[in-house]
Amino acid sequence: MMYINGKIITDLDREKIEVINPATEEILGEVFRGNAQDAISAIEAAKNAFNSWKVTPAYERAALLHQAASKMREHHDDLVRLLTEEEGKPIPENDEEWWWSEETFDYYAELGRHDRGTVIPPGESTQFNFIIKEPWGVVGCIIPWNYPILLLAWKIAPALAAGNTVVIKPSEFTPLTTLKMIELAFDHFPPGVVNVVTGYGPEVGEPIVTHPDVKMIAFTGSLATGQRIASLTAPQMKKTHLELGGKDPFVVAPDVDIPTAVSGLAYAALLNAGQVCTSTERVYVHESIFSHFSEELSDFVGKLRLGNGLEPSTDIGPMLRDKFRSKVEVQIKKAVSAGAKVLIGGKRPDQLDRGFFLEPAVLVNVDHSMEIMREETFGPVIPLMPYKTFDEAIILANDNQYGLGASLMTHDAKLVKRFFEEVHAGTIWINDPLTDNFAGPFGGMKMSGLGRELGQAGFDEFCQVKHVHWDIEGNLKEYWYPYGEE
Ligand code: NAD
């Protein structure tokens, strides 16, 4: 199905894309392989809906968003289960993803009705100056597979609250939960305000990106796709919001409690089988504790239980697809042939013959010449390097093209201050990696993207600002022509 102009579309003559459960490799469902015509139908519906949606009182838009959050909560358990089957991560992680998503709609419902701009001091007492925030119009929201609902919520909640209408393109790997959520929780919105088209990026994503009636693109995904989208939107000077990849560093200072730091690191690196944009992918441990730390980490990681995310005992689910697992295996293999040592993991588990599982790995003897320390891995791998001085740790942390997040474990306030001032990353976590805050802007520095989601900044992205300069008296001005009057 697709969802266009308030209607569930089931009768299209299109090929189908099969959606696979990554834990069982079974077909979970199928969706239409959409094309440019589908994108255009959704864009036209969103364009037609925009004129009345943008003037709908903000408190009415807020009420509809709160209602969406309530309906999501009513269906919470079923949707969590479907997301687990579709994306693979364990139930507690999907439970969290839904909770954060539901709350995001409530958060932006309130923010959207609070603020329409500001009044600023005028240059003359006869003048009145103010800034109004206006919606862009139709926003194309292009979503990845790893947090398909949360990253959708971070876009459509502020977009709708600000008065935009949306065309959503979910990932071809995880469209089912999105369609179910829109069907169950967004059916009370006016037709055309929310639309979903399914299919592949080049076939249905690019027609959204390039259509002149789409005034903004909000994209989360890989750097390569982000660069492609930016090249397509540049000729139209289209507002382009890009949340891209990462290679997040994690620094362990010598004062840590080792079991606590090990546990925090394992969470930061292995959540969602390491398939988080802000997954820890490079670890720098002070040389004085390095060997003790790596032993404890290997012990801890070796005890984590792989399995189907639906099983309550599962700590780590499968990777999404075999091709993503193979990419990680190749990175490990290349690192080993360049001198790295695998302390534990990195193999396909013998006990699970179906599903795209990979045992979480801990690597030592790594350095920055290796792909595994430079390129995004997006899998369950923890490579560890020792450092001598904190200067060195900061240089290593900054030695990457990405700048999404960075973590530090310490109780030394001087190190904390240096870390948050000197490390180039959009989010800095001290002693609590990968935790979000609704009001805390999220996004990347360097090649990790442009713009911010969440918080006030994440609302303002979906507004264009207009400065109004009003001279109320309207008298002749001495600075107009002619100059130099005698
Ligand atoms: P991807 O770039 O392959 O795909 C993302 C989306 O873009 C999908 O819906 C895809 O169909 C679509 N797409 C692909 N080609 C397109 C094109 N030419 N035009 C328009 N749309 C196109 O990324 P992915 O594999 O789904 O997600 C993983 C990546 O996302 C990782 O690099 C990860 O770091 C990144 N990510 C970033 C954040 C963040 O907030 N910065 C969050 C999650 C994931």
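The values are calculated or read from the model by the stated rules, or taken from the named source; none is laboratory data. Small disclaimer: the values here were computed from a predicted structure and weren't measured. Positions of Cβ are backbone-derived with ideal geometry, glycine not excepted, and every protein chain shown enters the neighbour counts. Accessible surface is based on the protein model in full, side chains and every heavy atom, while ligands, DNA and RNA are left aside. Shrake-Rupley method; radii C 1.70, N 1.55, O 1.52, S 1.80 Å.
Hey, what angle do you get for helix 36-55 against the long axis of the chain, alpha-carbon based, 0 to 90 degrees rounded to 10?
The answer is roughly 60 degrees.
Let me check I've understood the local charge: for Lys333, count other residues with C-beta under 15 angstrom from its C-beta, Lys and Arg +1, Asp and Glu -1. What total comes out?
+2
Amide H to amide H under 5 Å from Leu28: which residues, 5+ apart in sequence or cross-chain, H placed 1.01 Å off N in plane?
Excluding prolines and chain starts, which carry no amide H, the hits are Val19, Ile20, Asn21.
Could you tell me the accessible area of Arg348 in Å² (1.4 Å probe, neighbours in place), rounded to the nearest ten?
Using a 1.4 Å probe on the heavy atoms, I get roughly 100 Å².
Nearest 10 degrees is fine. How inclined is helix 290-302 to the longest principal axis of the chain, computing both from alpha carbons?
Helix 290-302 sits roughly 80 degrees off the main axis of the chain.
Amide H neighbours of Val381 under 5 Å, counting only residues 5+ apart in sequence or on other chains, H built in-plane at 1.01 Å?
Distant-sequence amide H within range of Val381: Ala361.
Where nothing but the Cβ of Lys and Arg (+1) and of Asp and Glu (-1) is charged, how large is the charge dipole of the chain around its Cα centre, in debye to the nearest 20?
Value, rounded to 20: 740 debye.
Using each residue's phi in the stretch 233-241, evaluate 6.51 cos²θ - 1.76 cosθ + 1.60 at θ = phi - 60° and report the 3J(HN,Hα) Karplus result to the nearest Hz, with x for Gly and Pro.
Per-residue couplings from phi come out as 8, 4, x, 9, 6, 7, 4, 10, 9 Hz.
Shape verdict for the stretch 167-238, please, from the Cα gyration tensor: rounded (a/c under 1.5), prolate (a/b greater than b/c) or oblate.
In terms of gyration-tensor shape, oblate.
Over the stretch 307-426, with every protein chain in place, what whole percent of the accessible area is carbon and sulfur at 1.4 Å, could you tell me?
52
Accessible area of the stretch 117-238 with a 1.4 Å probe: how many percent of it is carbon plus sulfur?
C and S fraction of accessible area: 63 percent.
For helix 258-270, what angle does its Cα long axis make with the longest principal axis of the chain, in degrees from 0 to 90 and rounded to 10?
Taking the Cα atoms of the chain, the angle to 258-270 is about 60 degrees.
Residues in the stretch 316-345, backbone N under 20 Å from the label point at Asp353 (7 Å along the Cα-to-beta-carbon vector): list them, ranges by number please.
Correct set: 318-319, 322.
Output ³J(HN,Hα) for the stretch 115-131: one whole-Hz value per residue in order, computed from phi by the Karplus curve 6.51 cos²θ - 1.76 cosθ + 1.60 with θ = phi - 60°, and x for Gly and Pro.
9, 10, x, 9, 9, 10, x, x, x, 10, 5, 8, 10, 9, 10, 8, 10
How much length would be gained if the chain were fully extended between Glu311 and Arg418, taking 0.36 nm per residue of separation minus their Cα-Cα distance, in nm to one decimal?
This chain segment gains 34.3 nm when fully extended.
Mean residue ellipticity at 222 nm from the helices of the chain, using -39,500 (n - 2.57) per DSSP H segment of n ≥ 4 over the full residue count, to the nearest 500 deg cm²/dmol?
Using -39500 (n - 2.57) per qualifying helix, the result is -11500 deg cm²/dmol.
Starting from the Cα of Glu60, move 7 Å in the Cα-to-Cβ direction to define the label point; list residues of the stretch 182-196 whose amide nitrogen is under 18 Å from there.
Output list for this probe position: 187-194.
So with the 1.4 Å probe, I'd like the accessible area per residue for the chain, rounded to whole Å².
42
In the neighborhood of Asn398, defined by Cβ-to-Cβ distances under 10 Å, what is the net charge if each Lys or Arg adds +1 and each Asp or Glu adds -1? Spell out each step's value before the answer.
On the way: positive: Lys446; negative: Asp399, Glu422.
Charge balance near Asn398 sits at -1.
Between Ile168 and residues 5 or more places away or on another chain, which pairs have amide H atoms under 5 Å apart, with H built 1.01 Å from N, and which residues are they?
Distant-sequence amide H within range of Ile168: Cys141, Asn195, Val196, Val197.
State, to one decimal in nm, how far the label point of Glu134 lies from the label point of Glu295, with both points 7 Å from Cα in the Cβ direction.
It is 6.7 nm.
Classify the stretch 1-66 from the C-alpha gyration tensor, please: rounded if a/c falls under 1.5, else prolate or oblate depending on whether a/b exceeds b/c.
oblate
At a Cα cut-off below 24 Å, give the lysines reachable from Lys16, other chains included and same-chain residues fewer than 8 away excluded.
The qualifying lysines are Lys7, Lys169, Lys180, Lys323.
Pop out the carbon and sulfur fraction of the accessible area of the stretch 248-301 as a percent, whole number, probe 1.4 Å.
Carbon and sulfur together cover 56 percent of it.
Among Gly140, Val214, Thr225, flag the residue with its Cα farthest along the positive direction of the charge dipole of the stretch 124-237, charges on Cβ as +1 for Lys/Arg and -1 for Asp/Glu.
Among Gly140, Val214, Thr225, the one farthest towards the positive end of the dipole of the stretch 124-237 is Thr225.
Shape of the chain from its Cα gyration tensor (a ≥ b ≥ c, root eigenvalues): rounded if a/c is under 1.5, otherwise prolate when a/b > b/c, or oblate?
Taking the square roots of the gyration eigenvalues as a ≥ b ≥ c, the chain is oblate.
Karplus couplings for the stretch 320-327 from phi (6.51 cos²θ - 1.76 cosθ + 1.60, θ = phi - 60°), rounded to Hz, Gly and Pro as x?
Here the 3J(HN,Hα) series is 5, 9, 4, 5, 6, 5, 4, 4 Hz.
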